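None of the figures in this text is laboratory data; all of them are computed from the coordinates on show. Computed from a predicted model, the values in this text were never measured in an experiment. For neighbour counting, all protein chains shown are included, and Cβ atoms are generated from backbone atoms with ideal geometry for every residue, glycine included.
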Amino acid sequence: MRADLRTYGLLARAGFRRQATYRLALAAGIVTNSVFGVIRASILMGAVAGAGATVAGYDERAMSSYAWWGQVLLGSVAVWGWSELADRVRTGDIAADFLRPVPPYLSYLAADLGRGALALLVRGAPMIVIGSLYSGMTFPAGPVEWVLGLVSIALAVAIAFLGHYLVNCIAFWIIEIRGILLAYGIVATLFAGLYVPVHWFPDWLRALAAATPFPSLIQTPIDILSGYAAGPGAARLVAIQVGWVLGLGIGAALTTAAGRRRLEVQGG
Amino acid sequence: MTTGRAFRPTAGRPDDGSAAAAHGDADSDAHSDAVISVERLTRVFRRRGDTDLAAVDAMTFSVGRGEAVGYIGANGAGKSTTIKMLTGILAPTSGTARTCGLDPMRGRRELARRIGVVFGQRSQLWWDLPLGESFDILAAIHRLEPRRAATRVGQLIELLDLGPTLAQPVRSLSLGQRMRAEVAAALLHEPELIILDEPTIGLDVLSKARLREFLIAQRREHGTTLLLTTHDMGDIERLCDRVLVVDHGRLAFDGTLSGLAGTVGAQRVLIVDLDRPTDALHGIPHTRWLGAEGEGVRQRLAFDAADTTAAAVLAAVAERATLRDLSIEEPDIEDVVRRIYSAPPGGITG
């Protein structure tokens, strides 16, 4: 157990350090995040102002907070594509992964948590400052909610990763999966509540979203971190996330095992 | 230069057919202690709109503990596919493979702790990170106790001359440095079986020599079993005491390197420079006339060392023309392997 923790700890550190290598890309990411934060906050706040006082419980300040917490999460929670596994299956580099005495989904997950941690510190944290100064943000109700909020970010990173991992596993059966990844990304970002809050969805669409892991990616951490959910409500949201991590994790293990039997690495 | 490609069939000539047969006996004796044992191992790749391809076709062989085996064949002969089945990366279509006594597919993780594999064209290192960190992570993955890991990494760094590169990101290493790093990474956990797939591909002479010396020393000290695929016959000559030749997914030869040359009758070539243009030297006993240049001033004759000697051929040539100079080309082992491929299927066995 201790040996495992050390292994995955080092893999997470590698993910963290690997990301830290590319400083220019990080700086560019901060600029992009800020600019889009300003655009999103302005549009969403304008929409609420235009509609009257509140929309589904969101006033202007709550809207601004929603937009900026979204920007905080965006670098860490990789809602958009990750295709490393599919690429490695296609090129055959996956062979190197299978030569290690660890399950690939766990080693990649550890590395992605490290990457997410770095992105949160370097790309996410500045958004809190900029968002607070530009149009204001709200924060967790108390220390418990702060902790739940941070745990919720880590779980969101894991769910985003495992979801992409499962989609990548299709590459064991089909060579070209870029189209599938794109479609997945669009559905995931919509249901995650990245464009508008899931709470704004009509009932039937909200029910549909709730049946997927996607709201756990963005909407859940935002709800906890912005103080929209607190106490037992926040704990319940985190419990749902834990359920998704376990479910998707088991799915990843089974799919990897099945995919390995299908793998066709020809040549080299 | 130890990397020379030519080798002398005369040196390994005597009764090499039986050397291969003796191998068979040794295998059956040592079967319980076989590190690798495959039986009718087959892997078929389905090809859309084409006939299926049996990359490995009913292959049977075994490798005993401590052996060093060269696994050679043309591109696409099925070498890498075999290795991937031996290491649990690819599932066999039929037949069985056992590596270190384990079923590689079922026991992949356990097996990964006991074998070290280098695929020359794929990296197991972390591209963006300093080399030293890759070693740290791999040591942890293999659950090496930190103190033992430090000792082992220290050894490998020294033996493979990797000290100056430890702080460099892997992506900035030269090919030679990277290959040595890959070998170090694969040997970190002191595996009982090392499988190297084209480990010297693209390396310069010096890097090759250094890598080979290291492998020889490792085997001497640890008694490690080695399976090596390569296009470089210098690798085989220096490192291996047994050769398996695979062709179209089937085993075409199993025996010693010199036995291989003897079996296919590798020929030496005598090149003679004569004092004046001369008619083609047909009909010299036990030779085959290969060609002439400069209107017959330089002529080439191939002969089998088993049938005649260079001196006898020279004497016969001297009866027909006046010699000014001569040279002898020794058979190239790649040429020997090529002959195996052109032989009828299943025609040559050790």
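A simple rule links phi to the HN-Hα coupling: the Karplus curve 6.51 cos²θ - 1.76 cosθ + 1.60 with θ = phi - 60°, which for the range A:44-55 gives 5, 5, x, 4, 5, 4, x, 7, x, 5, 9, 10 Hz, with x for Gly and Pro. Calculated over the range B:251-330, the projected area of the Cα convex hull averaged across directions stands at 5.7 nm².
Calculated FRET efficiency, B:Ala91 to A:Ser83, Cβ-Cβ distance, R0 = 35 Å: about 0.90 to the nearest 0.05. D for the protein assembly as shown, whole µm²/s, Stokes-Einstein with Kirkwood Rh over alpha-carbon pairs at 25 °C and 0.890 mPa s: what number? D = 87 µm²/s.
Summarising the label geometry, the points placed 7 Å from Cα in the beta-carbon direction at A:Trp173 and B:Asp50 lie 2.4 nm from one another.
Using C-alpha positions alone, give me the convex hull volume of the range A:18-154 per residue in cubic angstrom.
Working: hull volume 19.8 nm³, N = 137.
Considering the Cα atoms of the range A:18-154, their hull volume per residue is 144 Å³.
For chain B, the equivalent ellipsoid derived from the alpha-carbon gyration tensor has semi-axes of 43, 25, 18 Å in decreasing order. Could you tell me which residue out of B:His142, B:Leu193, B:Leu160 lies farthest along the dipole of the range B:140-195 toward its positive end? Charges go on the beta carbon: Lys and Arg +1, Asp and Glu -1, centred on the Cα centre. My answer, from the dipole projection, is B:His142. For chain B, the share of DSSP beta bridges that are antiparallel, to the nearest 5, is 70%. For chain A, the residue among A:Phe98, A:Ala207, A:Val238 whose Cα projects farthest onto the positive side of the dipole built from Cβ charges is A:Phe98.
For a Förster distance of 35 Å, can you work out the FRET efficiency between the beta-carbons of A:Ala257 and A:Thr21, rounded to the nearest 0.05?
Efficiency computed from Cβ-Cβ geometry: 0.60.
Evaluated with a Cβ-only charge set (Lys, Arg +1; Asp, Glu -1), the protein assembly as shown carries a dipole of roughly 1820 debye about its Cα centre, given to the nearest 20. Could you tell me which residue out of A:Gly124, A:Ile159, B:Leu206 lies farthest along the dipole of the protein assembly as shown toward its positive end? Charges go on the beta carbon: Lys and Arg +1, Asp and Glu -1, centred on the Cα centre. The listed residue farthest towards the positive side: A:Gly124. Averaging Cα coordinates gives a centre for the range B:272-301 and one for the range B:92-137; these two points are 54 Å apart. Treating r as the C-beta distance of B:Arg109 and B:Leu323 and R0 as 60 Å, the FRET efficiency rounds to 0.35.
What value, in deg cm²/dmol to 500, does the helix sum -39500 (n - 2.57) over DSSP H runs of n ≥ 4 give at 222 nm once divided by the residues of the protein assembly as shown? Write out the running numbers ahead of the final one.
Details: 23 runs with 308 residues, N = 618.
Computed ellipticity for the protein assembly as shown at 222 nm equals -16000 deg cm²/dmol.
Remark: chain B carries a charge dipole of roughly 1100 debye about the Cα centre, counting +1 on each Lys and Arg Cβ and -1 on each Asp and Glu Cβ.
Summarising the label geometry, the points placed 7 Å from Cα in the beta-carbon direction at A:Thr32 and B:Ala58 lie 5.7 nm from one another. Charge dipole (Cα centre; +1 on Lys/Arg Cβ, -1 on Asp/Glu Cβ; no other charges) of the range B:267-330 amounts to roughly 60 debye.
What's the local net charge at B:Arg298, with K and R +1, D and E -1, over the other residues with C-beta under 11 Å away?
Details: positive: B:Arg300, B:Arg324; negative: B:Asp273, B:Glu293, B:Glu295, B:Asp325.
Result for the local shell: -2.
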